[in-house]
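*Asks:* For reference, the structure I am asking about is given below.
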There are 2 protein chains.
Amino acid sequence: KRQAAEEEPFRLRFVADTLRAMSTLPKLTYFNGAGRALGLRVALFKAFGKDGWEDHRIEFADWPALKPTTPLGVLPVLTLPDGRVVGQTEAIMRWAGSQSDLYPKDPVQAMLCDEITATCIEVLNKTPPGAGEEGRQKRQEYAAGFLTRALTLLESRAPAEGFFLGELTLADLMASVLTNMILTNDFDHVPASLVSDNFPKLQAHNDRVRADPLVVAYLAAYPN
Amino acid sequence: KRQAAEEEPFRLRFVADTLRAMSTLPKLTYFNGAGRALGLRVALFKAFGKDGWEDHRIEFADWPALKPTTPLGVLPVLTLPDGRVVGQTEAIMRWAGSQSDLYPKDPVQAMLCDEITATCIEVLNKTPPGAGEEGRQKRQEYAAGFLTRALTLLESRAPAEGFFLGELTLADLMASVLTNMILTNDFDHVPASLVSDNFPKLQAHNDRVRADPLVVAYLAAYPN
């Protein structure tokens, strides 16, 4: 009888663990910073709420051990409730966006949204490493080359008021990730003036995105 | 009276031009080769048929004059019937695919489709220029590095039979664009053996895509 009583906590713990495993949430793994995942986290927050997904933030010290287990050796990755691990920021973002009205249903609007998100991701993917004097020089060439060309396209698409496609979409979140990164001096060797001197519509657009109630609510609930 | 008769052909031509302008078709502009646009052309062919879109193929000699008029200085671009010009292969491909059952409606399937297309596009976008001895060396480093990592991911996703997500989708077309390019020695300085020796599931998958009735019908109707 005494033994049975002692086993009770274990059994309760087992039931609790099983229930938790059964209701596993989608899990995003990324570093503890905004980086390229900010818009994606906002989309997950809108799709699933504060407690409907797991915002798994890792430290840089833990990255070398985790890296070989990821699909392409990069973050973010999404772990689905069934255990499947999916890479590619844009793919995950579109999945969250399609469940939260942040991705247009109209095919032409969706294409215009995709053109903007793909351009921002291409900018981030092509950015050369910034370490050392060689890195600084390569970053400056990049800023004058493809980065400026991409920002010129985004500026030509940016509206004078509101968002790229009327309502807030993934395009706004992703453009804001890029321009805000530059404007806050978080893009090594690329000065904030690249945006503030040359792309006034993008700068004003970023202000509107950061002031949007969804983004404000996200930033109140998460570190960054 | 004589003057009126002479004006008739002009007026008829004017009417014909106006009618043509009113029924303008979506126009894809790309080089006269398969390149990264093959899957996109197949999707347009499935969405709009042989005569429902314009397959505008340009010669390399005409490219320098056209380049500055494109959104990012690259092809392909899509010109919509209303005149808007849109870039980014993946964006255009998803637009055509969503109108031709080549893009999954289920959000998770769509995400898995996007992960594969995004990975193939990332491979193409990051490929260093291949000219000269330096180009050859950089291409070989790339083949051993990111290209192999990406193909390893695609191989792990590739099914033993059929297509990535059951039915033929944009993921199959885009993966086939990449593997077929390597297998036909159309990826400078990357030997066909990179795929044939190391990624047997991708090689067999490419054979199935090339034998699919849609792709066979496309290749019968278009040069490549």
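*Asks:* Does chain B come out rounded, prolate or oblate by the C-alpha gyration tensor, with a ≥ b ≥ c the root eigenvalues, rounded set by a/c under 1.5 and, if not, prolate when a/b is larger than b/c and oblate if not?
*Replies:* prolate
*Asks:* Alpha carbon centre of the stretch B:87-121 versus the stretch A:30-52: separation in Å?
*Replies:* Answer, in whole Å: 22.
*Asks:* First select every other residue whose beta carbon is under 12 angstrom from the beta carbon of A:D172; then total the charges, Lys and Arg +1, Asp and Glu -1.
*Replies:* Here the charged neighbours net out to 0.
*Asks:* Express as a percent, rounded to the nearest 5, the fraction of DSSP beta bridges in chain B (both residues included) that run antiparallel.
*Replies:* For chain B, the DSSP antiparallel bridge percentage is about 60.
*Asks:* Find how many whole Å separate the alpha carbon centroid of the stretch B:147-224 from the alpha carbon centroid of the stretch A:134-192.
*Replies:* The stretch A:134-192 and the stretch B:147-224 have Cα centres separated by 34 Å.
*Asks:* I've got another one for you. Roughly how many Å² is the accessible area per residue of the stretch B:23-99, as a whole number, for a 1.4 Å probe?
*Replies:* Per residue, the stretch B:23-99 has an accessible area of 40 Å².
*Asks:* Oh, and also: For the stretch A:23-99, give me the percentage of DSSP beta bridges that are antiparallel, rounded to the nearest 5 percent.
*Replies:* Bridges in the stretch A:23-99 are about 50 percent antiparallel.
*Asks:* Then there is this: How much of the accessible area of the stretch B:23-99, in percent, comes from carbon and sulfur atoms when a 1.4 Å probe is used?
*Replies:* That share works out to 57 percent.
*Asks:* Which residues of the stretch B:86-119 show a drop of at least 50 Å² in accessible area when all protein chains are present, compared with their chain alone (probe radius 1.4 Å, heavy atoms only, ligands and nucleic acids excluded)?
*Replies:* The answer is B:V86, B:Q88, B:R94, B:W95, B:P107, B:M111, B:E115 - residues whose exposure falls by at least 50 Å² when every protein chain is included.
*Asks:* Once label points are set 7 Å from the Cα along Cα→Cβ at both B:K50 and A:A204, what is their separation, rounded to one decimal in nm?
*Replies:* Each label point is offset 7 Å from its Cα along the Cβ direction, giving 5.1 nm.
*Asks:* Mean Kyte-Doolittle hydropathy of 1.6 or higher plus an axial Cα length of 18 Å or more: which whole DSSP H helices in chain B meet both?
*Replies:* In chain B, the long hydrophobic H runs are B:170-183.
*Asks:* Using only protein heavy atoms and a 1.4 Å probe, how much accessible area in total is buried between A and B, to the nearest 100 Å²?
*Replies:* Roughly 2700 Å² of accessible surface disappears when A and B pair.
*Asks:* Another question about this same structure. Would you mind checking which residues have amide H under 5 Å from A:I58's amide H? H placed 1.01 Å from N; only 5 or more apart, or other chain.
*Replies:* Long-range HN contacts for A:I58: A:Y30, A:F31, A:N32.
*Asks:* Please report, in debye to the nearest 20, how large the charge dipole of the protein assembly as shown is about its Cα centre when each Lys and Arg carries +1 at its beta carbon and each Asp and Glu carries -1 there.
*Replies:* The dipole of the protein assembly as shown has a size of about 200 debye.
*Asks:* For B:L183, what charge total do you get from the other residues with a beta carbon under 12 Å from its beta carbon, if Lys and Arg give +1 and Asp and Glu give -1?
*Replies:* Neighbourhood net charge equals -2.
*Asks:* With the full set of protein chains in place, find how many percent of the accessible area of the stretch A:157-200 is carbon and sulfur; take the probe as 1.4 Å.
*Replies:* 45 percent
*Asks:* With labels modelled as points extended 7 Å from the Cα through the Cβ direction, what inter-label distance (nm, one decimal) is found for A:T69 paired with B:N185?
*Replies:* Modelled inter-label distance: 4.4 nm.
The values are calculated or read from the model by the stated rules, or taken from the named source; none is laboratory data. Please read these numbers as outputs of a predicted model, since none were measured by experiment. For neighbour counting, all protein chains shown are included, and Cβ atoms are generated from backbone atoms with ideal geometry for every residue, glycine included. Side chains are part of the model used for accessible areas, which takes the heavy atoms of the whole protein and leaves out ligands, DNA and RNA. Shrake-Rupley method; radii C 1.70, N 1.55, O 1.52, S 1.80 Å.
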